[in-house]
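Please read the structure below before turning to the comments.
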Amino acid sequence: MWELRSPNPIINLRVLANRNFAVGTILATVIGIISYSPLTLLPLFLQNLMGYTAIQSGIAQSPRGIGALLAMPLVGLLTSKIDSRKLIIVGILLCAVSGFRMSNINLEVARSSFVLANFIQGLGLALTFVPLATTAMGLLPRDQMGNAAGLFNLMRNLGGSIGISLVTTMVARGAQAHQAYLVTHLTPLDAPYLSGLQAMQTTLEQRVTPAQAQAMAPGAIYNALLQQSNLLAFVDDFRWLALLCLLSIPVVLFLRRVGSSKNIAVH
């Protein structure tokens, strides 16, 4: 409120009166959530559930950077020839495809399974960032560019912070919810549980005494239950991110077309 009342504000929020910039800033916040959240979720999944080291999980995510690196020169060429709104929509759709692919994970997934999903996400983010900044600030006067760019980047980074907080909270709570649901199938009246318990005891008896196997089998099954609960929580998060991508596409249609691109400072 103080910034809106001051004649010379530190951050001029009046630039949000421009429709393109207001819509673009909303999309930048959403893109921040979409881009930073997988960077948090995937290492957590790989290291906590798959037993990857930090270096191995980093290598598994490297195709994302390769996809963005390869797409950047292409984006520079296409921005001046194709309506930037179309590039934004294609980029968001690619991010949605990547999210849905990541939601098909299980505890036996290979590292190569993440290569294509991360590569597609890198392409999608590269196709989204620059055209979005150009379109959001393309109709602003030049004297407002610096202020607008700072606000635009602030909201994108704030969106990333919000996204990281949301997905980590959703994983923790989702794991508890799935555990509460799955545990209802682990009762003495459940035939698959009894057969699984017997199979686990038989397997353990190859290494320990029958008495020890009988005591250890329920613990081993409970450990598997915790792993599956956490897995389903990660699957839910990736699907929500993909859905968020699809829901943000109609917002792009509120952007006005920008005829010529300007020098926009996006970091």
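Computed quantities for the displayed model
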item: Magnitude of the charge dipole, the chain, Cβ model with Lys/Arg +1 and Asp/Glu -1, debye to 20; result: 1120
item: Rg over Rh [alpha-carbon atoms, Kirkwood Rh] for the range 181-222; result: 1.00
item: Theoretical FRET efficiency, 1/(1+(r/R0)^6), r = Cβ-Cβ of Ser62 and Ala17, R0 41 Å, to 0.05; result: 0.45
item: Accessible-area order (highest first, 1.4 angstrom probe) of the listed residues Thr202, Thr128; result: Thr202, Thr128
item: Spherically averaged projected area of the range 186-260 from its Cα convex hull (nm²); result: 9.1
item: Angle in degrees between helix 19-48 and the longest Cα principal axis of the chain, rounded to the nearest 10; result: 20
item: The chain, accessible area per residue, ligands and nucleic acids excluded (1.4 Å, Å²); result: 53
item: Net length gained if the chain between Ile82 and Arg256 were fully extended (0.36 nm per residue, minus Cα distance); result: 61.3 nm
item: Sparsely packed trypsin sites (Lys or Arg not before Pro) within the range 29-130, loop by DSSP, other Cβ within 10 Å at most 13; result: Lys81, Arg111
item: Structure-derived Cα Rg over 2.2 N^0.38 Å - corresponding label in (1) 1.22; (2) 1.29; (3) 1.02; result: (2)
item: Value of relative contact order over the range 1-145, rounded to a whole percent, pairs C-alpha under 8 Å and six or more apart; result: 34
item: Interchain or long-range residues, amide H under 5 Å from Val258's placed H; result: Ser84
item: Label point distance in nm, Met1-Ile249, each placed 7 Å from Cα along Cα→Cβ; result: 4.1
item: Length released on extending from Gln206 to Leu39, taking residue separation times 0.36 nm less the Cα-Cα span; result: 56.0 nm
item: Relative contact order (%) - criterion: Cα under 8 Å, at least six apart; region: the chain; result: 34
item: Apportionment of accessible area to carbon and sulfur, the chain, percent (1.4 Å); result: 65
item: Note, ³J(HN,Hα) from phi for the range 203-217, Karplus 6.51, -1.76, 1.60, rounded to Hz, x at Gly and Pro; result: 5, 5, 5, 6, 10, 10, 6, x, 5, 5, 4, 5, 6, 8, 4
item: GNM flexibility winner over the chain from Ala71, Ala215, Ala117 (Cα, springs under 10 Å); result: Ala215
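The values are calculated or read from the model by the stated rules, or taken from the named source; none is laboratory data. Keep in mind it's a predicted model, so treat the numbers as computed, not measured. Quick reminder, even Gly has a Cβ in these numbers, built from the backbone with ideal geometry, and neighbours come from all protein chains shown. All accessible areas refer to the heavy atoms of the entire protein, side chains included, with ligands and DNA or RNA removed. Shrake-Rupley method; radii C 1.70, N 1.55, O 1.52, S 1.80 Å.
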